[in-house]
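For reference, the structure discussed in these notes is given below.
The values are calculated or read from the model by the stated rules, or taken from the named source; none is laboratory data. It should be emphasised that the depicted structure is a prediction, and the values quoted were computed from it without experimental measurement. Here the Cβ positions follow ideal geometry from the backbone for every residue, glycine too, while neighbour counts run over all protein chains shown.
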Amino acid sequence: MTSDFLISLAQAVTKGLLTGMVYGLMALGLSVIFGVMRVVNFAHGEMMVVGMYCAWAASEYLGLSPMLSLPLIAVLFFGLGYALQRTLISPFIGRPEHQQFLLLLAIAMLLVNGCLAIAGPDAHGVQMDSQFDSYELGPLVFDAVRLHAAIAAVAIAALLWLFFKYTRTGKSIRAAADNNMGALVVGLDVRRLYAFTFGVGAACVGAAGALMLTIIPVTPFLSAEYTLLAFVIVIVGGLGSMTGALMGGLLIGVSEAVAGLVLQPSLKSMVSFGLLILVLLLRPQGLFGGKSGT
Amino acid sequence: MRLVSRLVEGAAPRSLWGLGVLLVLLLAAPALLGKYGLSVLILILYFAYVGQAWNILMGFAGQLSLGHALYAGLGGYIAAGLYFHYGIGPWAGVFAGVAAAALAGAVVGYLGFRFSLAGVYFALLTIAFGEFTRLAFDHWDWAGGSGGLFLKVDAKVDPLKLRGGPLLFYYVILALTVGIFILCRALLESRLGRYWLAIREDPEAAQAIGVPVLRCKMIAIVISAGLTALAGVWNAFYYNNLFPETAFSMGRSIEITLAPIIGGLGTLFGPIVGAVVLTGLGEVFTDASDYLHIAGIKQIFYGLALLVIVMFRPAGLWPWIADRLGFGERRR
């Protein structure tokens, strides 16, 4: 163990933590949707990739940097998510899992191949002024873009937490998640709340997509990888738990970065899947999941 | 004879006649169809076969696996690897491949069912094992790593080594498909089959009336995995190449599930009808996209078709077709 190795390890951990925040925000969207309406969004990675393409298009055609277009994308995704839930997904709530799976698989195929048809298979990235900036803290170097993305992700997650904790709609959604029948009995419009929740989940993943684009360029082929990654994160953290999704994101971000350093970069997802298998077997409710979810 | 009479018991005579005509047509198909037609029919039979194998676990016993590429990939890789490295022919290698896949199924099943993982959680466990194995094979030199494993294409027809043209592979996959159809019918009529349906409908009630739930689920996944591996061996020798990226991919797993879900889960004809519809649509969309020259357009059509089917026939096409034709196979 030389000190050089320790420094590069610490460097990998920091990098993993920063990327992990963005992963966490992406997984938060999946977790919120599952926690409330018990639907696994198999199109999650595809939505993420669409978010990345939107941020790229905003930069390319409107000259907006992803940080500036992020609120617009979040609003757009909220609307799209709301409409998608209202039209296609709503009839499938409570149906057998394989039917929900097939529905979302079809949606995923349409989304990702829509991107492929419009933007082509080539990678698209954004140029930013802060691209080569970095901050130094002792021996550690932080990429400016990664740090900004991580801070934005944490800020959005905090906003979401405040929304669920203090607003009337947020509380109603939690009520509907905890006890669907009870929520109906006290007169909550559960169908509207579900659509709202799907909108919130979509806004999360759209925002995460905009942030991710500042770190890596987008191709349609990232989508399946992100869907799997989001599953791994929420299962490790605890499906339906907000803290779990964020912590799971950090854990997977760090484990990927460290595995890339200690083993081989191509083995990094093997560590994540190994972790997923272990958690499913030893603690299926996830590391941070309570007994009843959200 | 008793076995045969038990198998056909309760089936309407006209369904049996229909099946007989279908079988004769399939046997004669290579003489009637051109090269292209035969290749499409081979694809249909392949998807009908793997769909049937997957259906045993999901349609009968109610356990959603989204990682069946693991078993097909293991079977294919082991039989092809034994042939490639040691010249051991596939008729011997198939036993090793099927045994390995059945063992893998037993491991996934034991870990999953032991800890009572159900529904989505079990599905994600199967995905995780599939992906884990894919990455392991990417780094395993014996299996060719990420560069893939290639079998020598031999012009000489040698059925003993499963070397030959489409005709040989057509009759092999036809025999497999007929065999698994009869096997599934026999399983459904057996005590084990009834246990599976009880578990699928209500695992707790089944447990309460004394159905050995864990053992029955284990048998289901082992049979399903072993039979899927057979198709994997066939696939490896038909295409003569194997890559971890495709053989173990989640896309391959999903492909396996589509025909039975579209056709009708838990029915005997569902996987066959689903395979015909999906392969047919795939061919039509390929032709259409050749005119349009837009990347991804084929998958967009495909996605739209899946969307329409799941929106309007969520229980699958076969129960609906059967009603129209008056065959009325119950979804058990």
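Scanning the range B:273-292 for residues that are within 28 Å of residue B:319 (Cα to Cα) and within 13 Å of another protein chain (Cβ to nearest Cβ) yields B:274, B:278, B:281, B:282, B:285.
For residue A:284, the conditions (1) more than 24 Å from residue A:151 (Cα to Cα); (2) outside any helix (DSSP H, G or I); (3) within 17 Å of the chain's Cα centre (by Cα) are fulfilled apart from (3). In the range A:231-274, of all residues being assigned to a helix (DSSP H, G or I) and more than 27 Å from residue A:10 (Cβ to Cβ), the one that is farthest from the other protein chains (Cβ to nearest Cβ) corresponds to A:242. Residue-level check: of (1) in contact with a Gly (Cβ under 8 Å, 6 or more places away or on another chain); (2) of a type in the set (Gly, Ala, Ser); (3) more than 8 Å from every other protein chain (Cβ to nearest Cβ), residue A:119 misses just (1). May I ask you to verify whether residue A:49 is outside any loop (DSSP other than H, G, I, E, B), surrounded by 22 or more Cβ atoms within 10 Å (Cβ to Cβ) and at pLDDT 95 or above? Spelling it out, residue A:49 is indeed outside any loop (DSSP other than H, G, I, E, B), surrounded by 22 or more Cβ atoms within 10 Å (Cβ to Cβ) and at pLDDT 95 or above. Scoring residue B:295 on the criteria (1) crowded, with 20+ Cβ neighbours inside 10 Å; (2) small (Gly, Ala, Ser); (3) within 12 Å of another protein chain (Cβ to nearest Cβ) leaves a single failure, condition (1). Scanning the range A:122-149 for residues that are more than 14 Å from chain B (Cβ to nearest Cβ) and more than 19 Å from residue A:211 (Cβ to Cβ) yields A:136, A:137, A:138, A:139, A:140, A:141. Apart from one condition, residue B:249 fits all of (1) surrounded by fewer than 20 Cβ atoms within 10 Å (Cβ to Cβ); (2) small (Gly, Ala, Ser); (3) free of Cβ contacts under 8 Å to residues at least 60 places away in the same chain; (4) within 12 Å of chain A (Cβ to nearest Cβ); the exception is (3).
So if I check each of B:228, B:286, which one is assigned to a helix (DSSP H, G or I) and either in contact (Cβ under 8 Å) with a residue 60 or more places away in the chain or within 24 Å of residue B:15 (Cβ to Cβ) (or both)?
Working: B:286 fails: either in contact (Cβ under 8 Å) with a residue 60 or more places away in the chain or within 24 Å of residue B:15 (Cβ to Cβ) (or both).
Result: B:228 is the single residue among B:228, B:286 that is assigned to a helix (DSSP H, G or I) and either in contact (Cβ under 8 Å) with a residue 60 or more places away in the chain or within 24 Å of residue B:15 (Cβ to Cβ) (or both).
Return yes when residue B:42 is touching a helix residue (DSSP H, G or I) at 6+ places or on another chain (Cβ under 8 Å) and either more than 29 Å from residue B:189 (Cβ to Cβ) or outside any helix (DSSP H, G or I) (or both) and no when it is not.
Details: touching a helix residue (DSSP H, G or I) at 6+ places or on another chain (Cβ under 8 Å): yes; either more than 29 Å from residue B:189 (Cβ to Cβ) or outside any helix (DSSP H, G or I) (or both): yes.
The answer is yes for residue B:42.
Among helices (runs of 4 or more DSSP H) entirely within the range B:135-220, having at least 3 residues that are of a type in the set (Ser, Thr, Tyr) singles out B:166-189.
Yes/no matrix, rows are residues, columns are (1) within 14 Å of chain A (Cβ to nearest Cβ); (2) under 23 Å from residue B:168 (Cβ atoms):
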{"site": "B:206", "(1), (2)": "no, no"}
{"site": "B:211", "(1), (2)": "no, no"}
{"site": "B:223", "(1), (2)": "no, no"}
{"site": "B:232", "(1), (2)": "no, yes"}
{"site": "B:237", "(1), (2)": "no, yes"}
{"site": "B:240", "(1), (2)": "no, yes"}
{"site": "B:245", "(1), (2)": "yes, no"}
{"site": "B:262", "(1), (2)": "yes, no"}
{"site": "B:269", "(1), (2)": "no, no"}
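Say whether the condition of being in a helix (DSSP H, G or I), touching a helix residue (DSSP H, G or I) at 6+ places or on another chain (Cβ under 7 Å) and either within 14 Å of chain B (Cβ to nearest Cβ) or not charged (D, E, K, R) (or both) is met by at least one residue in the range A:60-67. Yes - at least one qualifying residue is present in the range A:60-67.
If you go through the range B:110-150 and pick out every residue that is surrounded by fewer than 19 Cβ atoms within 10 Å (Cβ to Cβ), of a type in the set (A, V, I, L, M, F, W, C), more than 9 Å from chain A (Cβ to nearest Cβ) and within 30 Å of residue B:238 (Cβ to Cβ), you end up with 3. Residues of the range B:20-35 that are closer than 16 Å to residue B:165 by Cα and out of contact with any helix residue (DSSP H, G or I) (no Cβ under 9 Å at 6 or more places or on another chain): B:31, B:34.
Identify, please: which residue in the range A:79-114 is within 19 Å of the chain's Cα centre (by Cα) and within 11 Å of chain B (Cβ to nearest Cβ) and is, among those, surrounded by the most Cβ atoms within 10 Å (Cβ to Cβ)? Restricting to residues being within 19 Å of the chain's Cα centre (by Cα) and within 11 Å of chain B (Cβ to nearest Cβ), the top hit is A:112.
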